[in-house]
Amino acid sequence: MMGRVLAHFREQVHFCGAYGSPFSAALISCAAEDIESGGPTAALVANWSTNPRADALALRLAGALHAAVLTGRDPALAAAYPAARPDWRMQDVWPIARAFLAREAEWIAAFMRSPPQTNETRRAIALLAGFLTFAEEWRGPIDTLEIGASAGLNLYWDRFRYRTQAWAWGQQSPVLIDTDWQAPAPPLPQIAVRHRAACDLNPLDIRDEAARLQLRSYIWADQPERLARFDGAVALALENSARVDRADAAEWLAQKLAARADDAATIVYHSVFLQYPPRAAREAIVDAIQSAGAAATPQAPLAWVRLEPEAVTDGAENGLRFVIDLTTWPGGRRRILGYTDGHVRAIYAP
């Protein structure tokens, strides 16, 4: 089992580096070396009984250390982290982190029992391509349903400000989202969201300080722009009393779609979610959407906007790209609008 854990940690080092977090890459690399040498990190992960990769075990450990920094639980560690020391050196950070892992093993282990949730707000710019494309064709009111919504930070996507080198959309907002846009520019109509609802199997209550800390701790410590987007999205969610229902996505969707309005369009959307439910649950979600689509009318159309791994949407073996697609009913027409990665650092033409 320890071999699988080590392989996962080393793979995560690569991912962190590729996704622009040299600090996280270096931290997890040191943790991997500590596991191999039988240090305090090894004791924390030795009895991990499930798949470390599927559980994002390395990110749980990194998140626990970041939480200790954010709460001031270890002032020495906080003083060595990027927020306090932009010119950080891992040879200074790791000895303090390792000592904390040994001293606070019980607290770290308790933190690591919860799966990572990030509610990445940058993903909204990928989804926006689908929302804008649909709104160009439907100029009436829109009701939205988000599944896998975590804490609901992307529930108010229409109140974010978006900016790329090719186009911009939205008004002044505490959330500014940008990316390297290398696809055709989307249409830029106004969008009138009338009602919105969301669900998650294990939603985090953004009003709870501990839940906010958990979310923030999983943002990589050397990416201040992601932390700023998170803080802005939290402020917006609190201002609008964002609410996420605790529910099974398939059951919740079936109920919501059965009761949807006959005088507005309904958009179902989700981002980096569909890979997590078991196959039977995933099939039930798709069936609920397609069944509702079959009953859609020109006066009450249905749209399905996704940002999901290509391996899930199209069965691409070993596919690393994420697909941005839009399916609309009546008709069931599917359009791939672009490709990106899990952090939406760039969007490419299909």
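Where a number appears in this text, it was derived from the coordinates with a stated rule and is not lab data. From a predicted model like this one, the values you see are computed outputs, not experimental measurements. Note that each Cβ is placed from the backbone with ideal geometry, even for glycine, and that neighbours are counted across all protein chains shown.
On a C-alpha basis, how far is the centre of region 78-96 from the centre of region 133-200 in Å? Whole number, if you could? If you average the Cα positions of each part, the centres end up 37 Å apart. Relative to the dominant Cα principal axis of the chain, helix 2-18 is inclined by about 60°.
Across region 40-165 the C-alpha pair distances fall into 10 Å bins from zero in the proportions 10, 30, 25, 20, 12, 4 percent.
Cα axis of helix 124-137 to longest principal axis of the chain: angle in degrees, 0 to 90, nearest 10? Tilt relative to the chain: about 0 degrees. Report, to the nearest 10°, how far helix 249-258 tilts away from the longest principal axis of the Cα atoms in the chain, using its own Cα long axis and a range of 0 to 90°. Tilt relative to the chain: about 20 degrees.
Find, to one decimal place in angstroms, the Kirkwood hydrodynamic radius of region 2-112, where the mean of 1/r is taken over every pair of different Cα atoms and then inverted.
Values: mean 1/r = 0.0721 Å⁻¹.
Computed over region 2-112, the radius equals 13.9 Å.
Using C-alpha pairs below 8 Å separated by at least 6 residues, the relative contact order for the chain is 17 percent.
Each peptide among 111-122, 82-93, 255-266 gets the average number of other Cβ atoms lying within 10 Å of its residues, and from highest to lowest they stand as 111-122, 255-266, 82-93.
When only Cα pairs below 8 angstrom with a gap of at least 6 residues are kept, region 2-112 shows a relative contact order of 26 percent. DSSP finds beta bridges in region 121-348, and of those with both partners inside it, around 45 percent are antiparallel.
Given R₀ = 30 Å, what would the calculated FRET efficiency be for Glu209 paired with Ala259, taking r from the Cβ atoms and rounding to 0.05? Intermediate results must be reported in sequence, preceding the final value.
Numbers: r = 35 Å, r/R0 = 1.15.
About 0.30, to the nearest 0.05.
Over all distinct Cα pairs, what is the inverse of the mean 1/r for the chain, reported as the Kirkwood hydrodynamic radius in Å? Evaluated on the chain, it is 21.3 Å. Extension gain for Leu201-Glu33 works out to 57.0 nm (0.36 nm per residue, less the C-alpha to C-alpha distance).
The C-alpha atoms of region 175-280 occupy a region whose extents along the principal axes are 45, 37, 33 Å, arranged from largest to smallest.
Determine the calculated [θ] at 222 nm for the chain from helices alone, applying -39500 (n - 2.57) to every DSSP H run no shorter than 4 residues and normalising by the residue count; nearest 500 deg cm²/dmol. Computed mean residue ellipticity for the chain: -13000 deg cm²/dmol.
How much length is gained on full extension from Ala43 to Arg279, taking 0.36 nm per residue of separation minus their Cα-Cα distance? All intermediate terms of the calculation are to be shown ahead of the outcome.
Details: separation 236, 0.36 × 236 = 84.96 nm, distance 3.33 nm.
Full-extension gain reported as 81.6 nm.
Highest mean first, the peptides 336-347, 231-242 sorted by other C-beta atoms within 10 Å per residue fall in the order 336-347, 231-242.
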